[in-house]
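Enquirer: Sharing a structure below in structure tokens format, with a few things to ask.
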Amino acid sequence: CIQCWCLIYFTGRRNKAQPNMSGNDEEDTSEPSSADNDVTTAVENLEISSSGSKDFPNQPFLAEMHQRRSATHSKLRAYEAKRRAAYESKLQSSSLYWRAFRTLMHDSLLETQKADALLRGWTHASETYEMSMRSVGEWCIDEKGVPVTDAKKKKKIFDAQEASAAVGGTGGDGARTLLAAAGYTTEEKCGSMIKSLANSASSVANQYSDMLKTMNGEVLPELSSLLEQLKSEVAVMEKLGDSIMHELETAEEEVCSAWLQYYNKAMEFIGSSASDIKAKHAGARVGAPVDPNAVVHGCTDVWVDEMRYRMAVAFLSSIWEKCSSELSKLFLSMKDAECNRRNQIKELLIKATQRQERLWLGLPGVVTPILKDLIEWPMERKTVEDDVQSSIRGRAQSIQRDEAEHKKADHSKVLAAGLTGVDMKDGNFELSSPLVSDLMSKAKVIEKRGTGLMSTWKVTLAIVTEDSFLQLFDLPSS
């Protein structure tokens with residue numbers, strides 16, 4: 001039967017089900033209720049004889065049973081009071097530790113997210129700088145001096161730069177004139193220095209590109225993987241820990257509920273009169289006259305409620321053992337995860353910082369030679385004048401060569417004009433007025449009237465040509 005099973009189970013769990021109730025524990029200082037004081041006093045003052053007691057005269061069995069029941073109830077009250085004090089302290093301690101543990105997990109996750117965002121922002125800034133410096137080295141700069149990093153716009157600038165170089169760097173405005181500066185001859189000192197500085201921008205861009213390969217290939221993927229793993233672990237641990245704490249709180253509530261049911265039934269029975277107790281226990285004692293057809297109203301078995309309370313306590317003890325073990329494992333696993341997280345973040349930050357340090361230490365090697373050449377660049381007037389004169393001479397020779405090439409290209413126009421095979425000596429004369437041309441026969445000044453009826457006479461120059469044409473030219477009245 002269920003009662004036998006409960007007794008067997010509880011007997012096996014008795015030592016584990018009860019909290020530590022040794023004499024070294026603090027005594028319960030709570031004041032019992034007046035009803036409980038009345039019950040305790042009644043039990044202490046109860047005298048049982050062969051003829052019963054004053055509350056149960058001539059009923060020694062009921063008197064003895066009432067005394068045992070009251071004594072058992074007092075013990076259970078003391079046990080429950082001490083159990084609640086002990087378990088309440090344990091539950092509060094575990095709940096507080098778990099809430100602090102959750103805040104630690106959230107702070108760890110937030111810290112990892114900040115580290116990931118920081119390095120990604122750092123990498124993005126370095127990538128932007130690398131693209132800008134590369135555009136500077138390639139002379140992809142607009143009229144405002146802003147580096148152009150868009151691929152399509154850079155292609156247009158390259159095309160414009162090639163077109164500008166094809167026409168010798170002349171003409172054009174704004175960006176085109178600026179792009180033509182990229183074609184300065186490197187033989188000139190000024191152009192050479194500017195070219196070297198542009199090359200240094202490309203060298204800086206290359207160093208930043210190497211650093212970005214390390215960040216994008218080694219640091220950021222590992223940090224992102226760590227963040228995703230931590231998110232998954234924190235989510236699982238939160239669900240498990242919340243479930244454990246819920247189980248403990250639910251088990252404690254069940255014990256309190258079972259105790260309240262038992263307590264109400266016990267107080268109802270203890271406070272009953274002798275006739276009521278006798279009626280409720282009709283047929284409970286062997287040998288008592290029993291009417292098998294009689295229905296006993298209001299009969300309750302307090303042992304059933306006591307059994308439920310004891311089983312709830314035993315279940316709570318079992319839950320505490322399992323949950324305490326799981327919480328301990330959970331705390332240890334999170335401690336291990338936190339140690340590993342901090343070590344990984346430390347290693348990744350060190351790797352990123354060391355790579356950045358190598359980049360910064362390599363930048364002086366790019367700029368120092370150019371700075372040295374700029375400082376040693378002679379600026380004496382005589383030297384500058386010679387350099388300018390040499391530049392002018394060289395440019396003139398270059399222009400002359402270009403024009404000679406241009407004349408060769410225009411030789412077909414000379415042939416079409418019929419100027420080949422002539423004697424230059426025959427052209428040694430002064431070309432005078434067309435009135436002395438051999439193609440004119442006669443020239444006279446005449447008066448010519450207009451076509452209208454009221455028109456006047458005008459002075460006109462009439463010329464007859466060898467081709468028999470009459471040409472009329474109006475002369476000014478003066």
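Enquirer: When you count, for each residue, the other Cβ atoms within 10 Å and take the mean per peptide, how do 261-267, 328-334 rank with the highest first?
Expert: 261-267, 328-334
Enquirer: If we sort 369-379, 85-95 on the protection proxy, mean other Cβ atoms within 10 Å, highest first, what's the order? Kindly include the intermediate steps, with their values, before the conclusion.
Expert: On the way: 369-379: 10.5, 85-95: 14.4.
In descending order of packing, they fall as 85-95, 369-379.
Enquirer: How much area per residue is accessible in segment 347-478 when the probe is 1.4 Å and only protein heavy atoms are counted (Å²)? Walk me through the intermediate numbers first.
Expert: Working: 11560 Å² over 132 residues.
Here the residues of segment 347-478 average 88 Å² of exposed surface.
Enquirer: Let me ask something else. List, in order, the whole-Hz ³J(HN,Hα) value for each residue of segment 353-358 obtained from phi through the Karplus relation with A = 6.51, B = -1.76, C = 1.60 and θ = phi - 60°; use x for Gly and Pro.
Expert: These are the phi-based 3J(HN,Hα) values: 5, 5, 5, 5, 5, 4 Hz.
Enquirer: Right, next: Residues with amide H under 5 Å of Asp142's amide H, sequence separation 5 or more or different chain, H placed in the peptide plane at 1.01 Å from N; which?
Expert: Distant-sequence amide H within range of Asp142: Val148.
Enquirer: Further question: In the structure shown, do any of Lys144/Lys407; Lys90/Lys114; Lys90/Lys239; Lys90/Lys329; Lys156/Lys407 have a Cα-Cα gap over 27 Å, and if so which?
Expert: Numbers: Lys144/Lys407 39 Å; Lys90/Lys114 36 Å; Lys90/Lys239 21 Å; Lys90/Lys329 17 Å; Lys156/Lys407 32 Å.
Too far apart for the 27 Å limit: Lys144/Lys407; Lys90/Lys114; Lys156/Lys407.
The values are calculated or read from the model by the stated rules, or taken from the named source; none is laboratory data. As the structure is a prediction and not an experimental result, all values here were calculated from the model. Positions of Cβ are backbone-derived with ideal geometry, glycine not excepted, and every protein chain shown enters the neighbour counts. With ligands, DNA and RNA removed, areas are computed over all heavy atoms of the protein, side chains included. Shrake-Rupley method; radii C 1.70, N 1.55, O 1.52, S 1.80 Å.
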